[in-house]
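The values are calculated or read from the model by the stated rules, or taken from the named source; none is laboratory data. None of the values given here were measured: they were computed from a predicted structure. Please note: Cβ atoms are built from the backbone with ideal geometry, for glycine as well, and neighbour counts cover all protein chains shown. Just the protein is used for accessible areas: all its heavy atoms, side chains included, with ligands, DNA and RNA removed. Shrake-Rupley method; radii C 1.70, N 1.55, O 1.52, S 1.80 Å.
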Amino acid sequence: MGKLLLLMVCIVSGFVNAASGDGKYGSAQVFNVSRTPAFPVKGADFTVDRMSLPYELIDSSDPFFGINERYTIGTGQYATIEDIDNTDDCDYRIVLKEDDGTLIRVLQPNGSVYGLGDEGFLHVSEPGGIGTFFANDVGYNLDDSLTYTPDTEKATCIEFESYELNSTPIYNPYAPNISGTPQTIITLSTEFSFKPTVTDSDTALSALNFSIKNKPDWMTFIAATGELYGMPTGLGTYSDIEIIVSDGTFTVSLSPFSVTVVDGSIETSVSGGSMSVISILLGVMVAVVRRRKQFAMPLLLAMLPMKGVAAENQNWYLGVGGGVAKVKPEVNVVDYERDKDSSPVLMLNAGYCFTEKYCLDAKYTHVNNFEIASSNDSIYLDYHVTSVGVKYTPFLQLDYFTPYVIAGASYFNVNSASSLVETEEDVRFSYGIGAKVYEKDNVALLIDAMRHAKDLSSFTLSVQYNFSNESAENR
């Protein structure tokens, strides 16, 4: 009877040992972890946290305090645990294998199994508060944690041999993803700065490796983050710059890009077609509005989204500001005269720049409650002026002062609550000068002086926001 029982144990042991090699654990299932408490207690909560890439013992001369390095499980590979002695005090090693079962190498030559549970188990190969955790579920990420209630403390051979091993298919690691749009045109006085956006679902960003090809000498590259920055030292185009990231298994790169350094004082040409389209639209607007004033606003709005008619540095901008208007209306009402010739104004501004020199600029100027007074009464006028013009920067562009000129047309509307003053509408030629007096990042401070008609001029200070990562010196 005793011999029969021994034979049955040997048969079962041999069968289960063979089955123990079927546990195929991929890169989202095997982690080096910290453990709390130091060793699992049966029936009590046990936590493994700070999941990281597992260790490989590479100096077997000291199996307890040997030299360790991190390892990754590549595509088509898996880690598994094997019994190496078949004694009552089982000793288990961790090995790395190809999908077909071919041994690649031994990762940990020995150790014990602790904390068997539905969620997985812990392999401990050296003293301390760390170990290698094998999860029965796929999908854990670096820095994750897990708390469960184990069925064992240190597992006996029989307990581990009867443990239901993981049957999930081999897990293929994800490749990192890199994206971002760097500046492509800068001036000599503008610092280039770009940091790509990088994600990786199963590798910590701190574990990724960055490299670069065709880096200009004046740029500095940070290999830990992929950041690239620098102040240009000369004009020209620096081509085929490529930022590369690797997680040890996959290597991906950002699409190669070029950076062109231009002199801010040199005019960037605008295509003849652009100016022709602008001139034609302005002319049509003036001609039609003089005959049908109700078409003024639709035409003005239609001129704004002129995409694709010019080449470089295309940027939208919006602004808001205020100031003062000089008003000299004709007063035809008996006993009334202008009480004053100035009034506060509100100005809204929008535009689209085709190059560093040429922009299509739209303004709405509101002059509120301009007063015409008699000895015992006052009449208030409301001015609404919608202007569209071409903004051109013909002068040197300095860091804190960039002058420009504007010329175009204004739709001019005057209203009054008094029946003594008739409502006036007209289209007028408008022109003006201005300057950008400060710029930081995408925000600029501007001053403008506009002549809307013979009886209305405005002087405004505005804040403008540019919807672009590129430096647009003319705004």
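Note on segment 217-267: residues that are over 29 Å from Thr75 (Cβ atoms) and part of a loop (DSSP other than H, G, I, E, B) total 13. Annotation: Ile158 fulfils all but one of (1) free of Cβ contacts under 8 Å to residues at least 12 places away in the same chain; (2) open to solvent by less than 70 Å² (accessible area, probe 1.4 Å); (3) within 30 Å of Glu98 (Cα to Cα); the unmet one is (2).
Scanning segment 161-187 for residues that are open to solvent by less than 70 Å² (accessible area, probe 1.4 Å) and at pLDDT 85 or above gives Tyr163, Pro176, Ile178, Ser179, Gly180, Pro182, Gln183, Thr184, Ile185, Ile186, Thr187.
All told, Ala453 falls short of being under 20 Å from Lys391 (Cβ atoms), touching a Ser or Thr at 6+ places or on another chain (Cβ under 8 Å) and modelled with pLDDT of 85 or more.
For Gly226, indicate whether it is surrounded by 15 or more Cβ atoms within 10 Å (Cβ to Cβ) and on the phi > 0 side of the Ramachandran plot.
On the way: surrounded by 15 or more Cβ atoms within 10 Å (Cβ to Cβ): yes; on the phi > 0 side of the Ramachandran plot: yes.
So Gly226 passes the test.
All but one of (1) open to solvent by 70 Å² or more (accessible area, probe 1.4 Å); (2) at pLDDT 90 or above; (3) within 30 Å of Gln29 (Cβ to Cβ) hold for Leu235, so report the exception by its number. Going through the list (1) open to solvent by 70 Å² or more (accessible area, probe 1.4 Å); (2) at pLDDT 90 or above; (3) within 30 Å of Gln29 (Cβ to Cβ), Leu235 breaks only (3).
The condition (being out of contact with any strand residue (DSSP E or B) (no Cβ under 7 Å at 6 or more places or on another chain), closer than 30 Å to Ala38 by Cα and either among the acidic types (Asp, Glu) or at pLDDT 90 or above (or both)) is satisfied by just one residue among Leu122, Leu116, Leu146: Leu116.
Reported count of residues in segment 73-128, each being open to solvent by less than 60 Å² (accessible area, probe 1.4 Å), within 16 Å of Lys24 (Cβ to Cβ), among the hydroxyl-bearing types (Ser, Thr, Tyr) and not in a strand (DSSP E or B), is 0.
Restricting segment 335-356 to residues that are open to solvent by less than 30 Å² (accessible area, probe 1.4 Å) and farther than 20 Å from Ser457 by Cα, which is modelled with the lowest pLDDT? In this case the residue turns out to be Glu356.
Please state which of the following conditions Cys359 fails to meet, knowing it meets all the rest: (1) modelled with pLDDT of 85 or more; (2) open to solvent by 30 Å² or more (accessible area, probe 1.4 Å). Cys359 satisfies all of (1) modelled with pLDDT of 85 or more; (2) open to solvent by 30 Å² or more (accessible area, probe 1.4 Å) except (2). Which members of segment 81-131 meet the condition of being hydroxyl-bearing (Ser, Thr, Tyr) and under 13 Å from Pro54 (Cβ atoms)? The answer is Ser125, and nothing else. Scan segment 188-216 residue by residue and report those that are modelled with pLDDT of 90 or more, open to solvent by less than 70 Å² (accessible area, probe 1.4 Å) and not in a loop (DSSP other than H, G, I, E, B). Phe192, Ser193, Phe194, Val198, Phe210, Ser211, Ile212 - these are the residues of segment 188-216 that are modelled with pLDDT of 90 or more, open to solvent by less than 70 Å² (accessible area, probe 1.4 Å) and not in a loop (DSSP other than H, G, I, E, B).
Scan segment 139-151 and give yes if some residue there is among the aliphatic types (A, V, I, L, M), out of contact with any Leu (no Cβ under 8 Å at 6 or more places or on another chain) and surrounded by 16 or more Cβ atoms within 10 Å (Cβ to Cβ), otherwise no.
yes
Among the residues of segment 14-46, the ones that are surrounded by fewer than 16 Cβ atoms within 10 Å (Cβ to Cβ) and at pLDDT below 50 come to 5 in all. Mind checking whether some residue in segment 149-156 is modelled with pLDDT of 80 or more, assigned to a loop (DSSP other than H, G, I, E, B) and closer than 21 Å to Gly26 by Cα? Within segment 149-156, not a single residue is modelled with pLDDT of 80 or more, assigned to a loop (DSSP other than H, G, I, E, B) and closer than 21 Å to Gly26 by Cα.
Among the residues of segment 238-251, what is the count of those that are at pLDDT 90 or above and either surrounded by 15 or more Cβ atoms within 10 Å (Cβ to Cβ) or of a type in the set (Asp, Glu) (or both)? Give the steps one after another, and end with the answer.
We begin by selecting, within segment 238-251, every residue at pLDDT 90 or above; these are 238-245.
Now narrow it down to the ones that are either surrounded by 15 or more Cβ atoms within 10 Å (Cβ to Cβ) or of a type in the set (Asp, Glu) (or both): 238, 240-245.
Count: 7.
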